[in-house]
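Down below is the structure, laid out as structure tokens.
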Amino acid sequence: MEFEFSVDENEAPPPSGFDLGHMDVRGDRGEATSRDRTPDQAMMIYLSLTLLLDGLRRFLPGRDRSFTTSAVDSSFSLTFRRGKDGSVETLHDGAVIDRSSAARLASAVREGAERFAAPRLPLLPEDDAGREDLEKSLAEFGAFVTRLPPANTGG
């Protein structure tokens, strides 16, 4: 499973925590993207990524059967559905993209978020609200992932 986050190539400088961008998700059963959609599904990427991280941090250890995260300023959304065996399905528009353990899903999201944030966050002003929120969410999600028990369910 792989998550990729990016700033839209049409965003004008200077960089901002409110920049539009895209989410690409690839799994063992399919893929979903916010790119090249009608209507346009570009999202406020820094804020949408923060919502995804915070939402998964609450959902994965909980008892809720499903969680849907909607992108900020976009109609793009992902749903995560817990299986009886503890696995988590990732869905977009009702189609299953992947079925993985909670630990595998969390690791994939964390890796994608860190690949996005490492080169992008330093470009934002230190007092940018989008930067501050994402930095906090990344730190909390990283600590959460290290506490997850390794699981052997799914890919």
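The values are calculated or read from the model by the stated rules, or taken from the named source; none is laboratory data. None of the values given here were measured: they were computed from a predicted structure. Heads up, the Cβs are rebuilt from the backbone with ideal geometry, glycines too, and the neighbour counts pull from every protein chain shown. Ligands, DNA and RNA are stripped out before the accessible areas are found, and what is left, the full protein with its side chains, is counted by its heavy atoms. Shrake-Rupley method; radii C 1.70, N 1.55, O 1.52, S 1.80 Å.
For the reader, a short list of remarks on this structure follows.
- Percent carbon-and-sulfur accessible area, the chain, ignoring ligands, DNA and RNA, probe 1.4 Å: 49 percent
- Working from label points 7 Å from Cα in the Cα-to-Cβ sense, the E2 to K84 distance is 3.4 nm.
- Calculated from backbone phi, Karplus (6.51, -1.76, 1.60) coupling profile of region 89-95 in Hz, x at Gly/Pro: 8, 9, 10, 9, 6, x, 9
- E89 - accessible surface, heavy atoms, 1.4 Å probe, Å² rounded to 10: 40 Å²
- Whole-Å distance, taken between Cα centres, linking region 81-101 and region 28-75: 14 Å
- Per residue value of the accessible surface for the chain (all protein chains in place, 1.4 Å probe), Å²: 50 Å²
- Gyration tensor (alpha-carbon) shape descriptor, region 1-50, a/c threshold 1.5: prolate
- Nearest-ten-degree value, helix 45-59 long axis tilted from longest Cα axis of the chain: 20 degrees
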